[in-house]
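Quick notes on the structure that follows.
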Amino acid sequence: MKRLAIFDLDGTLLNTITDLGASTNFALAKMGYPEHPLSAYNYMVGNGVRKLMERARPDASPETIDELLSHFRAHYDEHCTDTTTPYSGIPELLAELAARDVSLAVATNKYQSAAEKIIGHFFPDVRFEAVFGQIPERPVKPDPSVVFAILSQYPTAKKDVLYIGDSAVDMETARRACIESVGVTWGFRPVSELRKACADHVVSKPSEILKFLDVKI
């Protein structure tokens with residue numbers, strides 16, 4: 001049996017896109033730039049908030065990106081739970097994994113303080129062995145450093161780990177870490193992206209993840 005399930009956050013555990021888009025639009029408006037439709041943010045998120053600002057304003061200088069980031073974080077820190085919700089079936093999946101003695105962890109490119117706040121808000125009764133977000137000294141996914149940091153804190157054989165995410169970034173992270181991957185179709189990216197990124201498995205609802213708990217060698 002798998003002993004550890006590592007989840008991406010945005011687009012996998014939680015639908016965060018409206019709050020992310022609203023905070024980015026706030027930052028853009030604050031600096032006099034045009035806003036984007038919220039639907040456009042599905043393809044801007046996934047590589048950390050600095051990359052989100054760069055995609056929202058690709059012609060901006062590094063200094064302007066710094067200022068956008070400051071406005072974004074000030075807004076998002078206050079509003080990151082306004083419209084965000086767990087995906088249907090996720091609370092039940094987490095409870096079932098815990099009941100089967102599968103430990104849980106989060107590996108996200110969301111900055112650390114926001115990751116901790118949002119997980120604590122929506123899953124206060126769920127025990128996560130680690131909630132690891134983006135910090136300055138660790139590269140963002142698809143670099144697998146965040147996965148290795150989790151395995152350092154909670155030592156687990158790679159064959160006993162399952163990585164679950166909604167994007168090519170996640171599938172590449174799992175591949176580089178040599179961990180079995182599950183791509184989910186309810187997130188921000190299409191199934192075609194997951195398959196092109198060589199997801200080991202693709203599921204359309206959370207309960208389907210349970211069938212991959214048997215160890216694959």
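The values are calculated or read from the model by the stated rules, or taken from the named source; none is laboratory data. Only a predicted model underlies this, so the values are computations on that prediction, with no experimental measurement involved. As a convention, Cβ positions derive from the backbone with ideal geometry for all residues, glycine included, and neighbour counts pool all protein chains shown.
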Inset, instruction - Keeping to region 171-192, report how many residues are over 16 Å from the mean Cα position of the chain (by Cα) and more than 20 Å from L151 (Cβ to Cβ). - result: 2
Inset, instruction - Please indicate, with yes or no, whether at least one residue in region 30-39 is surrounded by 15 or more Cβ atoms within 10 Å (Cβ to Cβ) and either within 28 Å of P144 (Cα to Cα) or in the same structural domain as P136 (by TED's automatic domain parsing) (or both). - result: no
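Which of the residues belonging to region 64-123 are among the hydroxyl-bearing types (S, T, Y) and closer than 22 Å to A174 by Cβ? Step through it out loud before you land on a result.
Restricting attention to region 64-123, the residues satisfying the condition of being among the hydroxyl-bearing types (S, T, Y) are 64, 70, 76, 81, 83-85, 87-88, 103, 108, 111, 113.
Within region 64-123, Y87, S103, T108, Y111 meet the criteria.
Listed here are the residues, each with its yes/no results for (1) assigned to a loop (DSSP other than H, G, I, E, B); (2) farther than 22 Å from P139 by Cα.
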| residue | (1), (2) |
| --- | --- |
| F26 | no, yes |
| G32 | yes, yes |
| S39 | no, yes |
| N42 | no, no |
| E67 | no, no |
Inset, instruction - Give the residues of region 163-205 that are out of contact with any Ser or Thr (no Cβ under 8 Å at 6 or more places or on another chain) and within 17 Å of R100 (Cβ to Cβ), sorted by residue number. - result: E180, V182
Inset, instruction - With the condition kept exactly as written, say whether any residue in region 5-23 is closer than 23 Å to I135 by Cα, hydroxyl-bearing (S, T, Y) and either free of Cβ contacts under 8 Å to residues at least 40 places away in the same chain or not in a helix (DSSP H, G or I) (or both). - result: yes
Inset, instruction - Identify, by number, the condition in (1) within 13 Å of the chain's Cα centre (by Cα); (2) part of a helix (DSSP H, G or I); (3) surrounded by fewer than 23 Cβ atoms within 10 Å (Cβ to Cβ) that N47 doesn't meet. - result: (2)
Legend entry - The listed residue being within 23 Å of V131 (Cβ to Cβ), outside the structural domain of G89 (by TED's automatic domain parsing) and in contact with a helix residue (DSSP H, G or I) (Cβ under 8 Å, 6 or more places away or on another chain), out of R57, R50: R50
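Per-residue answers, yes or no, for (1) surrounded by fewer than 16 Cβ atoms within 10 Å (Cβ to Cβ); (2) hydrophobic (A, V, I, L, M, F, W, C):
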site: D59; (1), (2): yes, no
site: I65; (1), (2): no, yes
site: H71; (1), (2): no, no
site: H75; (1), (2): no, no
site: E78; (1), (2): yes, no
site: T83; (1), (2): yes, no
site: P91; (1), (2): no, no
